[in-house]
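S.K.: Just dropping this structure here.
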Amino acid sequence: MAIKMTKVTFTLDVDTVTRLRRTAARLSKPRSQVVREAIRDYDERSGKLSDEERGRLLEAFDRLVPAIRPRPAREVEAELREIRASRRAAGLKRVPRAAR
């Protein structure tokens, strides 16, 4: 089954075009294929945290977690029961575990 293609036109700076041509020649692939693969790769990576972002968030986690006041399990369970009862009273539907 052939992949449906759409012809598009982009305006690229000279450096980008040079890199595209060089990469296509080095890989012995058409420039359009190099562009498709680059976009696919970028799309897959764009939703993930960078090392810098991950480090910043872990630092915040390490700084904030020790500040959380420890509470007895009974107190936490009582609060959860109150929240659940309040939600039921408000008519909110419970989300099945599989859908969470």
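The values are calculated or read from the model by the stated rules, or taken from the named source; none is laboratory data. Please read all numbers here as calculations on a predicted model, not as lab measurements. Reconstructed Cβ throughout: ideal geometry from the backbone, glycine too, with neighbour counts over all protein chains shown.
S.K.: For segment 49-89, which positions are polar (S, T, N, Q) and surrounded by fewer than 10 Cβ atoms within 10 Å (Cβ to Cβ)?
M.R.: Ser50
Yes or no, residue by residue, for (1) modelled with pLDDT under 95; (2) not in a helix (DSSP H, G or I):
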| residue | (1), (2) |
| --- | --- |
| Val8 | yes, yes |
| Arg19 | no, no |
| Lys29 | no, yes |
| Glu37 | no, no |
| Lys48 | yes, yes |
| Pro66 | yes, no |
| Arg84 | yes, no |
| Arg88 | yes, no |
